[in-house]
Amino acid sequence: MLVLSAFNDEAAQRWNMSAFVTLATGQRMPMVGLGTWKSAPGQVKQAVLAALDCGYTHIDCAAAYGNEQEVGEALAFRVGPGKALRRDQVFLTSKLWNTKHDPSDVEEACKTTLDHLGVSYLDLYLMHWPMAFQPGKELMPRREDGSVHYSNTHYKDTWAAMEDLVDQGLVKAIGLSNFNARQTNNIISTARHKPVVNQVECHPYLSQVDLLAHCRSVAVCLTAYSPLGSGDRPWASADEPCLLQDHRLGEISKRCHKTPAQIILRWHLQRGVVCIPKSVTPSRIQQNLQVFDFTLSEQDMKLIDSFSCSNRFIVPTVEMDGKRVWRDAAHPHFPFHDLY
């Protein structure tokens, strides 16, 4: 069962009060964390330091982001014996990349992440996607024709190897990312250690109502990546809508005397969704945590709910016959063919 409560231990006494969700394992996961996707080398270290200094106790990482070593450098300054925070006061999440789905590769991949972050365990380790790629050192292995070289490894076999990480104490809990409801059920049906989180794209233009309801029904916490619409995504086109500039959001922002980003994050929280906004700007990092001192009205919540138009931004696409198509749609475990 997921429980929302107040984060009231020493870290909260030292810094801002922060809400958390209690996962099925009993772990307390802060509901606002710092996302590190797209944080460039030379920036992510300072971003993590700024986040820890202003009260964040949840950092979200991934091997595929290519910046875990720099995140680890920041953690070394603030977390550990004699530092501002004990290790057990910081919730660290990372993710297993698609080229490491072969069961024989999972442990090594996890240990590499631990080494890069400079910690002995992760609080949460997610399977980044249900799709396996050809094993190897290349992040995106390609065939001669330029297409992605997939692997036949089934995500249930990968999950079984991730369960061994829990048994060894390398991770405290395991979860999913970019899984649909059917795939989540497939994992749960055979799992010894059940998934506690599904991290997916979620924002007012893609509210994930059905997936959120399903996750709640199976005691899986939904975490929103790109919770603000990821306006800085590299492939964004000029004609795509910008969530933060939505005039309806602007009206709520003026009325509540909060930024549009704070309004969106508050909307997530009141839905019971954990969110991990990315920023490398100290002032915005701090603002993104200042969302526990106001409440959106039922009317405002319904208005923001009405924004949803199933607009999925974070799906890799390629040019084919003059059209943009989903790059991995042919993969047997591509998650977005299902409605949710």
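No value in this document is a laboratory result; all are computed from the given coordinates. Keep in mind that this is a model prediction, so the values were computed, not measured. Using ideal geometry, Cβ is built from the backbone for each residue, glycine included, and neighbour counts are taken over all protein chains shown.
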Less than 16 Å from a label point 7 Å out along the Cα-to-Cβ axis of Arg142: which backbone N atoms in region 297-327 qualify, by residue? 317-320, 327
For labels at Thr112 and His257 in the simple 7 Å Cα→Cβ model, what's the distance in nm? 5.1 nm
Let me know the shape class of region 147-277, please: from the alpha-carbon gyration tensor, a ≥ b ≥ c as square roots of the eigenvalues, rounded when a/c is under 1.5, otherwise prolate if a/b is greater than b/c, or oblate. prolate
Using a 10 angstrom cutoff on alpha carbons, build the Gaussian network for the chain and name the most mobile of Asp157, Asp321, Asp305. Asp321
With 0.36 nm assigned to each residue of separation and the Cα-Cα distance removed, Ser189 to Gln299 gains 35.7 nm
Quick one: Leu52, Leu34, fewest Cβ neighbours within 10 Å first, how do they rank? Leu52, Leu34
Highest GNM mean-square fluctuation among Asn98, Asn198, Asn152, for the chain with Cα springs under 10 Å, belongs to Asn152
Gain upon complete extension [Gln89, Val325; 0.36 nm per residue less C-alpha separation]: 80.7 nm
Ellipticity estimate at 222 nm from DSSP helix runs (n ≥ 4, -39,500 (n - 2.57)) divided over the chain, nearest 500: -9500 deg cm²/dmol
With charges set only on the Cβ (+1 for Lys and Arg, -1 for Asp and Glu), what does the dipole of region 3-337 come to about its Cα centre, in debye to the nearest 20? 640 debye
Within region 118-204, report the trypsin sites (Lys or Arg not before Pro) that DSSP leaves as loop and that have at most 12 other Cβ atoms within 10 Å. Lys137, Arg143, Arg192
Under a GNM of the chain (C-alpha, springs under 10 Å), which listed residue has the highest mean-square fluctuation: Leu206, Leu85, Leu303? Leu303
Order these by the 10 Å Cβ neighbour count, fewest first: Ile314, Ile276. Ile314, Ile276
Going by amide H atoms built from the backbone, whose H comes under 5 Å of the H on Leu122, apart from near neighbours? Val171, Lys172
Could you put Tyr56, Tyr155, Tyr150 in order, starting from the residue whose Cβ has the fewest other Cβ atoms within 10 Å? Tyr150, Tyr155, Tyr56
Taking the alpha-carbon distance from Lys95 and a cut-off under 28 Å, which lysines remain once sequence neighbours fewer than 8 residues away in the same chain are dropped? Lys38, Lys45, Lys83, Lys111, Lys137, Lys156, Lys172, Lys194, Lys278
Just the number, please: percent antiparallel of the DSSP beta bridges in the chain, rounded to the nearest 5. 40 percent
